[in-house]
């Protein structure tokens with residue numbers, strides 16, 4: 001992931017312009033794949049209870065800093081050391097913001113992955129838009145598309161993405177109001193503290209968040225041996241390792257610790273975290289995040305660790 005909020009201005013003949021064109025070419029195929037995946041999982045989701053502003057009690061969940069104290073259920077909170085609020089059932093269309101990271105690091109695809117991280121993130125994003133639009137929800141993309149309630153929201157989002165300015169890093173969320181949901185899809189390789197500087201205030205504003213980490217299997221498994229040259233896709237910096245296998249254990253330990261730290265920090269905010277690898281089916285991540293949005297926490301699975 002590139003520095004948060006950095007805008008890359010494409011100029012003729014530049015690498016940024018090439019990236020913008022590649023994204024525009026990629027999106028139509030991603031939309032077709034997204035619709036195919038959405039159609040395979042959409043049956044049975046309609047009518048599920050969802051968190052919202054109705055009158056009927058639905059569930060308890062951890063209190064998040066910034067929420068109204070009037071929503072705290074003190075009797076339930078007195079049972080243990082946590083503070084809980086009462087969620088009610090959904091009674092009206094809700095706004096769900098979808099965002100996929102388009103940083104240079106997302107273009108990475110090893111021989112162990114079936115698609116690039118960018119392609120998988122777009123497919124998950126557009127498939128979610130398709131399913132949620134069919135359920136009557138309002139779909140938006142920060143900085144790209146204002147929320148719309150339409151059956152063709154996925155197509156409209158795909159068109160907006162194809163013509164959107166090339167950006168890197170987490171999106172500008174100033175236009176998002178509280179009591180919305182936001183789904184962020186990316187590799188989230190930045191320092192966890194730096195990421196939380198942006199996400200923490202969103203939770204305090206009342207947004208319910210869902211973070212989907214997309215990883216190439218090579219990033220997690222580090223399957224390299226011998227002399228290997230590594231290149232940072234964001235900065236172009238290079239690192240040469242004489243015997244890459246010697247750092248595999250330390251690398252893997254640090255990589256998984258970073259993921260665990262991010263997931264635990266997000267859960268502390270009351271947000272949900274899904275880890276997905278590109279050598280697994282996109283439907284795994286789609287089902288997991290949609291179950292969360294529907295109010296039914298999913299079980300942990302390999303490639304979709306919740």
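Bear in mind these aren't lab numbers, they're just calculated from the coordinates by the rules spelled out. Note that this is a predicted model, so its numbers are computed, not measured. Cβ atoms come from the backbone with ideal geometry, glycine included; neighbour counts cover every protein chain shown.
Sort 101, 187 so the one with the fewest other Cβ atoms within 10 Å of its own Cβ comes first.
Least crowded to most crowded, the residues run 187, 101.
Indicate the gyration tensor shape class of the range 137-224 (rounded, prolate or oblate), computed on the Cα atoms with a ≥ b ≥ c the square roots of the eigenvalues: a/c under 1.5 is rounded; otherwise a/b larger than b/c is prolate and the rest oblate.
oblate
Cα atoms only, the range 174-282: Rg and Dmax in Å?
So, for the range 174-282, Rg and Dmax equal 16.5, 52 Å respectively.
Quick one: 194, 117, 35, 238, fewest Cβ neighbours within 10 Å first, how do they rank?
Going from sparsest to densest Cβ surroundings: 238, 194, 35, 117.
Mind sorting 284, 197 by how few other Cβ atoms lie within 10 Å of their own Cβ, fewest first?
197, 284
Among 224-230, 202-208, how do they line up by average Cβ neighbours within 10 Å per residue, starting with the highest?
So the order, starting with the most tightly packed, is 202-208, 224-230.
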